[in-house]
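The block underneath contains the structure these notes are about, expressed in structure tokens.
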Amino acid sequence: MAATKTVKVIITLIIITSSSLLSAIISSSQNILAQTQTEFLTYENKDFGLGIQYPSGWTKEEESKSKSSNVNIVVSFAKQNGSRINTEADLYIRTEDFLGKNITLEDFAQQQKAYTSSLLAVSSFNESKTIVGNKLAWQIEYEFKGIGGITRHGLNSLMINDNTGYSLVFSTDKKSYDRYFPIAQKMIDSFHIKPN
């Protein structure tokens, strides 16, 4: 009798574990499928000398046609959810001319962390170094409360080229992060700075 109960418990545990594993595999497969089925367009900006690929279903909005100050939001891409204020996911490119100051990538990362904290009340960051567009980059990952108190996940990829800092800032609802991160990563990986 005790052996039968033990076998039933083991079988139940196997079923629960298998269901969880199957659910994770299906979710991961759907994310990969969404990324591979997404058609990407190419955006080029001659004034700022940069380019990136973005999903054809995302709204593109150029914020500035030319360098008007030392800090510019060049372009933003957004996956709308019916609201112009709150998006499902978005990525924008920001440039900053260091005006001859000798700024290191680590200095730039610390400045961006302070700026992001002041705007969004972020309490902690995860940081790592990576390569974006053949350039050494610093990635900062964080969470913040968006409009309506929704927790959003942010990822800021930073790099420097010829005394100019570049920020690629991605954000999405925390619950949608696994869905949109592969798309954002493809966008970030496609980013390139054209030589002067």
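When the pairs 113/174; 60/113; 60/194; 46/145; 46/135; 145/186 are compared against a 23 Å limit on Cα-Cα distance, 60/113; 46/145; 145/186 fall above it.
Roughly speaking, what is the stretch gain from residue 129 to residue 110, that is 0.36 nm per residue apart minus the C-alpha to C-alpha distance, in nm to one decimal?
On the way: separation 19, 0.36 × 19 = 6.84 nm, distance 1.33 nm.
Separation in residues times 0.36 nm, less the Cα-Cα distance, equals 5.5 nm.
Of the accessible area of the stretch 137-196, with the probe set at 1.4 angstrom, what percent is carbon plus sulfur?
On the way: 1240 of 2460 Å².
Looking at the stretch 137-196 in its full context, I get 50 percent from C and S.
Within a Cβ distance under 13 Å of residue 55, other residues only, what is the Lys/Arg minus Asp/Glu net charge?
Numbers: positive: 60, 79, 179, 186; negative: 39, 88, 90.
Around residue 55, the surrounding residues sum to +1.
What net charge is computed for the residues neighbouring residue 125, neighbours being all others with C-beta under 11 Å from the C-beta of residue 125, Lys and Arg scored +1, Asp and Glu -1? Every neighbour counted, the sum reads -2. Stretched out straight at 0.36 nm per residue, the stretch from residue 151 to residue 86 would grow longer than its current Cα-Cα span by 22.2 nm.
With a Förster radius of 41 Å applied to the beta-carbon distance between residue 117 and residue 46, the computed FRET efficiency rounds to 0.75.
Under a 1.4 Å probe, what is the accessible area of the stretch 64-196 per residue, stated in Å²?
Details: 6790 Å² over 133 residues.
On a per-residue basis, 51 Å².
What does the charge add up to near residue 77, with Lys and Arg as +1, Asp and Glu as -1, over the other residues with Cβ less than 10 Å from its Cβ? With Lys, Arg at +1 and Asp, Glu at -1, the neighbours total 0.
Placing a label point 7 Å from the Cα of residue 103 along the Cα-to-Cβ direction, the residues of the stretch 154-172 whose backbone N falls under 13 Å of that point are 158-168.
The values are calculated or read from the model by the stated rules, or taken from the named source; none is laboratory data. This is a predicted model, so every value here is computed, not measured. All Cβ positions, glycine included, derive from the backbone under ideal geometry; neighbour counts span all protein chains shown. Side chains included, ligands, DNA and RNA excluded: accessible areas come from the protein's heavy atoms. Shrake-Rupley method; radii C 1.70, N 1.55, O 1.52, S 1.80 Å.
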